[in-house]
Amino acid sequence: MPRRIAVAGGSSGIGAALALRLARAQAELHLCARRGDALEEVAQRCRGQGARVRVEALDLAPPGAATGWLDRVEGEGPIDLLILAAGLFGGRPGPGAEVPEAVSRAILEVNLLATVALAEAAAASMRARRRGTILVISSLAARDPLPDARAYSAGKAGLSSYAEALAADLAGSGVRLLLVEPGHVRTRQTAQHRGPLPAMITAEDAADRILGALAMGRGRCAFPRRSVVVLALLALLPRRWRWAAMRGQRFTVDNGPVLRRFSPLEEQRRCPD
């Protein structure tokens, strides 16, 4: 069982559920997320199970922010496990509506660019000492792009592709990588989702499946099985038939959590004239 663990996106969802499961082993946890109040609540619950916990509230998207956090964590000692669970969800706000550019940019910055930056930094550090594990949380949307959440799908597809490439590069180095592609999990993301959510599971169930795959030494896992099988069968159909079969799964998204992510001052700093 890893002793020093860093979790990016530890304030809610799968990241929080994993932190709480790992806290039972009295691990040393380093959690980061943008929402400091939610992060501290998770930390207190982890401490109640005997874990030592450090938290840092920050936005991982700005260049250097993600690697700066990891540098601070590893300044106190090397980590055994890095969990990359930070993510944003957004998409079409109404039937036929366009997705705001700010939503697409924020999603790609956090879900892909910041996550890749963290993985690169961790891989270099772990490779140097020939041990460590990187756990990447992607999505089944990487396999089945969602018409109503195109940027989200693109980010997750890119992340899965990157993780597979990194795993190949790390082969024989002593560093492990586990790529996780979950389906619908009851989190803040599904609370934004307005439409069908087939085969949805809890974050706690997802955490148990992920830790089981980690314990078995697997390099990739996707769940729930029902969704994985359905997507595999749909992939055998001609595109037009597949699109027709999936019409009943169309949805809209409450983009409020993403659009509220930046204050006007932050937006001004990020997008200078």
Set ILE83, ILE14, ILE107: member being touching a Phe, Trp or Tyr at 6+ places or on another chain (Cβ under 6 Å), closer than 30 Å to ARG194 by Cβ and touching a residue at least 60 places away in the same chain (Cβ under 8 Å): ILE107
Unmet requirement for LEU70, which otherwise passes all of (1) assigned to a loop (DSSP other than H, G, I, E, B); (2) more than 30 Å from PRO224 (Cβ to Cβ); (3) of a type in the set (A, V, I, L, M): (1)
Residue check for GLY195: at pLDDT 95 or above, out of contact with any Ser or Thr (no Cβ under 6 Å at 6 or more places or on another chain) and within 30 Å of ALA122 (Cα to Cα): no
Any hit, the range 22-30, residues being surrounded by fewer than 19 Cβ atoms within 10 Å (Cβ to Cβ), modelled with pLDDT under 95 and farther than 23 Å from ARG131 by Cβ: no
Test: residue in the range 127-144 that is more than 20 Å from VAL185 (Cβ to Cβ), open to solvent by less than 50 Å² (accessible area, probe 1.4 Å) and outside any strand (DSSP E or B): no
Test result for CYS271, closer than 19 Å to GLY183 by Cβ and either open to solvent by 50 Å² or more (accessible area, probe 1.4 Å) or at pLDDT 95 or above (or both): no
Among (1) without any contact (Cβ under 8 Å) to a residue 40 or more places away in the chain; (2) at positive phi - the single one ALA157 does not satisfy: (2)
All positions within the range 203-238 that are under 20 Å from VAL136 (Cα atoms) and surrounded by fewer than 13 Cβ atoms within 10 Å (Cβ to Cβ): GLY212, ALA215, MET216, GLY217, ARG225
The range 239-262, residues that are open to solvent by less than 60 Å² (accessible area, probe 1.4 Å), within 17 Å of THR190 (Cα to Cα) and among the aliphatic types (A, V, I, L, M): VAL253, VAL258
Count of residues meeting criterion [surrounded by fewer than 20 Cβ atoms within 10 Å (Cβ to Cβ), farther than 11 Å from GLU56 by Cα and touching a Leu at 6+ places or on another chain (Cβ under 9 Å)] in the range 31-45: 1
Any hit, the range 110-125, residues being in contact (Cβ under 8 Å) with a residue 24 or more places away in the chain, open to solvent by 50 Å² or more (accessible area, probe 1.4 Å), assigned to a helix (DSSP H, G or I) and more than 20 Å from CYS32 (Cα to Cα): no
Residue under evaluation GLY158, criteria (1) touching a Phe, Trp or Tyr at 6+ places or on another chain (Cβ under 7 Å); (2) surrounded by fewer than 19 Cβ atoms within 10 Å (Cβ to Cβ), criterion not met: (1)
Hits in the range 175-195 - residues which are open to solvent by 50 Å² or more (accessible area, probe 1.4 Å) and in a loop (DSSP other than H, G, I, E, B): HIS184
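The values are calculated or read from the model by the stated rules, or taken from the named source; none is laboratory data. Everything numeric here is computed off the predicted structure, so don't read it as measured data. In this analysis, Cβ positions are derived from the backbone assuming ideal geometry, glycine residues included, and neighbour counts consider all displayed protein chains. Just so you know, the surface numbers come from the protein's heavy atoms only, side chains and all, with ligands and any DNA or RNA stripped out. Shrake-Rupley method; radii C 1.70, N 1.55, O 1.52, S 1.80 Å.
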